[in-house]
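The values are calculated or read from the model by the stated rules, or taken from the named source; none is laboratory data. The structure displayed is predicted, hence computed values, not measured ones. Here Cβ is always computed from backbone atoms with ideal geometry, including for glycine, and neighbour counts include all displayed protein chains. Surface areas here come from the heavy atoms of the whole protein model, side chains and all, with no ligands, DNA or RNA. Shrake-Rupley method; radii C 1.70, N 1.55, O 1.52, S 1.80 Å.
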Amino acid sequence: MNVTLTNTAKKLCIIGDPVTHSKSPLLQNAMCQALGLDYVYLCQPVKAERLGEFLAAAKELGYAGFNATMPFKELLIPCLDELDPLAAKLGAVNTVCIREGRLYGYNTDCPGYIAALRAAGFEPAGKRVLLLGAGGAAKAVAVGLGDAGAAQVTVANRTAAKAQAVAGLIPGQGRTAAWNAETLAAEAAGCDLIVNATSLGMAGQGEYDDLSFLERLPRTALVSDLIYHPAQTEFLRRASELGRATMNGLPLLMRQAILGLEKFAGVEVPPEKVVPILEPLLSQP
Ligand code: NAP
């Protein structure tokens, strides 16, 4: 897309390593243009060991803020002047605003996922969820579902101790299940929503050995994968073949970006105004 640059444009960026695959510049520049916000959003590769130098430079150069992806979501926490309570609970930030030289950290993945579910017509309150994975993204999903009133969130992960830690973030709602085909099949049979929050199925990562547990899902269950590259993982392809409704990672990507821009610019970003602009951009390869 073409970006109209003014000499007064406030600077934003995404930092990460790797980061050049990121769709955030595309989304944020399109939203700023559509809303008449005078910002420019860049892609900024940063090595983990040079985070301090980046932060000093961003303040000095007058950046208004930045988003963070791997490996910075946790690494940034001790560098911040203020941490939003939700980001503190998750131990992860994806959005940092710079105001008068001070760094304010937020997490928009968590509310972004719930907004994406609701936009797809799925209300999490009272629902039973099977959450696969226990990394940073799974934590955001678990806490979001817990806050939204899910009846039960069952976390299954290859490393059981991490599943326990994630379930422990939502006492009374979180529980764990073992990471094996038999247990996953039994758990799938009783859930309204199943979420793949592992990196299995992502381009260049591994694949599930056995997806037969999807056959046990109730007909009405929603199958959600946080991955958006590829747009249809094997997990979603199989679920779709079985006639279940599916949602890939693009709605989450879009919703966390909308909520992030609200933090940066301090304005309301109406989804009904920007989603029709973002969706066609995201459907491009
Ligand atoms: P992470 O913290 O590195 O967690 C990775 C998870 O995948 C862990 O639960 C890990 O299990 C599991 N895993 C990795 N390899 C596995 C294998 N061979 N067998 C079984 N489990 C395996 O990553 P993350 O930040 O949570 O991201 C997870 C996924 O969500 C990624 O694919 C990412 O692209 C996607 N994501 C999408 C969005 C979006 O905007 N749509 C946002 C955030 C993340 P162990 O704990 O046992 O290692």
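The Rg/Rh ratio of segment 93-178, with both radii computed over alpha carbons and Rh defined as the Kirkwood radius, is 1.05. Quotient of the Cα radius of gyration of segment 108-247 and 2.2 N^0.38 Å, N being its number of residues: 0.93.
The Cα center of segment 185-224 and the Cα center of segment 49-68 differ in position by 38 Å. With both residues required to sit in segment 69-205, DSSP beta bridges show an antiparallel share near 25%. Take residue 104: with every protein chain present and a 1.4 Å probe, its accessible area is about 40 Å². Using a probe of 1.4 Å on the protein chains alone, the accessible area found for residue 72 is around 0 Å². All C-alpha to C-alpha distances of the chain, sorted into 10 Å bins beginning at zero, yield P(r) values of 6, 29, 35, 22, 8, 1, 0 percent in whole numbers. The Rg/Rh ratio for segment 1-86, using Cα coordinates for both the radius of gyration and the Kirkwood hydrodynamic radius, is 0.97. Measuring against 21 Å, Cα to Cα, the residue pairs 23/263; 89/162; 10/47; 139/162 contain 10/47 as the ones spanning a longer distance. Split the accessible area of the chain by element, probe 1.4 Å, and carbon with sulfur accounts for 52%. Evaluated with a Cβ-only charge set (Lys, Arg +1; Asp, Glu -1), segment 110-248 carries a dipole of roughly 300 debye about its Cα centre, given to the nearest 20. For the pair residue 125 and residue 219 in one chain, pulling the backbone fully straight at 0.36 nm per residue adds 31.9 nm over the alpha carbon distance.
Note on surface exposure: 70, 254 rank 70, 254 by accessible area, highest first, 1.4 Å probe.
Approximating the spin labels as points 7 Å out from Cα along Cα→Cβ, the residue 281-to-residue 240 distance works out to 2.4 nm. Set the Cα radius of gyration of segment 219-285 against 2.2 N^0.38 Å, with N its number of residues, and you get 1.30. In this structure residue 8 has an accessible area near 100 Å², from a 1.4 Å probe over the protein heavy atoms.
Using the 1.4 Å probe convention, the accessible area of the chain works out to 45 Å² per residue with neighbouring protein chains retained. Working from label points 7 Å from Cα in the Cα-to-Cβ sense, the residue 180 to residue 43 distance is 4.3 nm.
Using θ = phi - 60° in the Karplus curve 6.51 cos²θ - 1.76 cosθ + 1.60, the 3J(HN,Hα) couplings for segment 128-134 round to 9, 10, 10, 9, 9, x, 8 Hz; x is entered for Gly and Pro.
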